[in-house]
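The values are calculated or read from the model by the stated rules, or taken from the named source; none is laboratory data. Because the structure is predicted, anything quoted here is derived from the model rather than measured. Cβ sites come from the backbone with ideal geometry, for glycine too, and all protein chains shown count toward neighbours. Accessible surface areas use protein heavy atoms only, side chains included; no ligands, DNA or RNA. Shrake-Rupley method; radii C 1.70, N 1.55, O 1.52, S 1.80 Å.
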Amino acid sequence: MYIALDDTDSKDGMCTTYLVTELIKEFDEYQLLSYPRLVRLNPNIPWKTRGNGAVVLTIGKGKVRKEVIGKVDREIDIWTGDPCIEKNIMPRAKKVVDRWAESDKEGTDPGLVVGNGRPPGELYEKGVKEVLELDHVKEVLDSLDLDYWGGGSERGLIGAASALAWTPEDSTYELITYRRRDLWGEPRLIDHDDVKTLDMSLEHGFNNYDHVEHRQGVAPGTPCPVLYGVRGDEPNELKKALVTLKGERPERWLTFLTNQGTDDHIRVRDIRRLEPFMSARVTGTVCSPPRVIRGGHIFFEVSRGGATVTAAAFEPTKSFRDIINRLIVGDEIELWGGIKGEPLTLNIEKLKINRLAEKITKIGNPVCPYCGKSMGSMGTDSGYRCKKCRYRSGENTVHLEIIPRNLKEGWYEVPVIARRHLSKPLKRFNVEEGNF
Ligand code: ATP
């Protein structure tokens with residue numbers, strides 16, 4: 001039996017993953033038949049409050065106990081076993097949502113889907129890459145005879161149904177810890193150096209510490225019940241966090257299977273086919289020098305086949321902007337990023353420089369072969385003339401120098417603190433920055 005949930009949170013309060021721990025408590029006569037799932041959906045949609053995450057829980061009658069994946073009011077393990085067909089799951093799940101969802105807050109429109117079937121993978125593909133209509137999602141749920149309930153505008157059903165449709169091709173894990181109720185909203189006691197130590201001890205971890213900006217990446221900035229979340233490819237390795245992060249003790253923890261760090265949101269696109277709210281990977285040539293505007297944001301244009309798009313590295317991408325600033329017209333690049341607004345702007349998440357253009361500068365006018373004096377320019381593109389001998393030479397006789405580029409071909413990504421949940425970090429590609 002699957003229980004999928006979305007949009008129960010608000011900007012400054014609850015988070016949907018906390019409700020998973022509450023659902024586990026509610027259904028304590030059942031076992032988890034797989035990792036709970038935290039599924040990030042289209043990061044460009046305007047309705048999200050934070051990271052556009054939805055969750056899915058699979059419960060049933062377990063037979064063989066596998067590993068421990070969390071602790072809520074007891075140790076939580078996953079089991080192999082049969083999904084169960086139960087009648088009263090929906091009212092009990094809804095009771096949990098009614099108790100914990102911040103439905104009274106603006107932009108909180110819970111969606112709950114319960115059933116033994118799952119929507120086709122196509123719904124996930126659309127949910128993570130495009131904008132879905134609620135009516136279409138309801139039609140899919142009706143056709144599968146899944147039980148659903150939506151609060152407010154019912155928009156949460158879109159995320160819940162899309163998350164339920166996720167069949168992982170690539171996946172990662174996040175171990176999330178939660179705070180004691182009386183500490184919600186209080187400053188979190190997490191030692192910066194502990195996070196750094198943890199990060200360095202996690203062979204398969206990613207996005208947990210920003211070694212460029214020297215900032216931790218595990219604790220949220222909002223007053224939600226999450227103490228910290230540690231991400232990686234190896235679920236058991238993540239448990240090191242429970243020992244290494246010595247500050248505030250979590251009240252409960254749970255490991256989620258997620259689509260974070262997979263680039264599932266990205267689609268290879270021609271520059272002329274870009275549309276708002278999608279994410280794309282485009283190939284092109286830099287056709288305007290990067291320009292910095294007030295606030296430290298950088299923009300430049302990339303073109304291919306006669307079509308052009310503006311690319312942006314905003315101020316929060318910090319040191320990544322130094323790389324962007326070094327691009328010149330003629331560089332051949334690939335960009336990964338989200339598309340915003342009109343005029344279309346590609347918000348860069350990752351960059352690959354395929355070929356650096358030669359940077360050439362004029363170092364002096366040609367010298368007259370008869371008298372050895374420097375010749376004078378006859379105007380733009382008109383060549384040179386020796387004042388004394390009247391000798392003329394063409395524009396191509398000017399003295400040029402190739403300036404070394406302070407940039408290497410290869411991959412670059414925004415720092416951890418500016419990274420989107422879905423963006424696949426270079427560590428997961430097994431490449432290093434600046435390496436081709
Ligand atoms: P979290 O804080 O858990 O990371 P979030 O709070 O940022 O997530 P939600 O509060 O769940 O995000 O808000 C996103 C809303 O957008 C939800 O109602 C969800 O159903 C809806 N949504 C998600 N993906 C799409 C999509 N592709 N098309 C249309 N609506 C979507």
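If you go through the stretch 360-418, how many residues are assigned to a strand (DSSP E or B) and in contact (Cβ under 8 Å) with a residue 24 or more places away in the chain? Number satisfying all stated conditions: 15. Does at least one position in the stretch 101-108 carry a residue that is more than 13 Å from the ligand (Cβ to nearest atom) and either in a loop (DSSP other than H, G, I, E, B) or surrounded by 15 or more Cβ atoms within 10 Å (Cβ to Cβ) (or both)? For the stretch 101-108, residues more than 13 Å from the ligand (Cβ to nearest atom) and either in a loop (DSSP other than H, G, I, E, B) or surrounded by 15 or more Cβ atoms within 10 Å (Cβ to Cβ) (or both): present.
In the stretch 141-168, the qualifying residues are those that are without any contact (Cβ under 8 Å) to a residue 40 or more places away in the chain and open to solvent by 80 Å² or more (accessible area, probe 1.4 Å), and the one that is farthest from the ligand (Cβ to nearest atom) is Asp145. Considering only the stretch 7-44, how many residues are in a strand (DSSP E or B), touching a Leu at 6+ places or on another chain (Cβ under 8 Å) and either modelled with pLDDT under 95 or more than 9 Å from the ligand (Cβ to nearest atom) (or both)? The number of residues fulfilling the criteria is 2.
Hey, among Ile89, Ile76, Ile69, Ile59, which residue is more than 10 Å from the ligand (Cβ to nearest atom), under 18 Å from Gly111 (Cβ atoms) and either touching a residue at least 12 places away in the same chain (Cβ under 8 Å) or open to solvent by 70 Å² or more (accessible area, probe 1.4 Å) (or both)? Of the residues listed, the single one that is more than 10 Å from the ligand (Cβ to nearest atom), under 18 Å from Gly111 (Cβ atoms) and either touching a residue at least 12 places away in the same chain (Cβ under 8 Å) or open to solvent by 70 Å² or more (accessible area, probe 1.4 Å) (or both) is Ile89. Looking at the stretch 356-399, which of its residues are surrounded by 12 or more Cβ atoms within 10 Å (Cβ to Cβ) and closer than 19 Å to Ile328 by Cα? Result: Leu356, Ala357, Lys359. Scanning the stretch 109-129 for residues that are open to solvent by less than 40 Å² (accessible area, probe 1.4 Å) and either part of a helix (DSSP H, G or I) or not assigned by TED's automatic domain parsing to the domain that holds Ala54 (or both) returns Gly121, Leu123, Tyr124, Gly127, Val128, Lys129. Please verify whether the stretch 232-242 includes one or more residues that are part of a loop (DSSP other than H, G, I, E, B) and either in the same structural domain as Val128 (by TED's automatic domain parsing) or under 30 Å from Glu125 (Cβ atoms) (or both). So far as the stretch 232-242 goes, yes, one or more of its residues are part of a loop (DSSP other than H, G, I, E, B) and either in the same structural domain as Val128 (by TED's automatic domain parsing) or under 30 Å from Glu125 (Cβ atoms) (or both).
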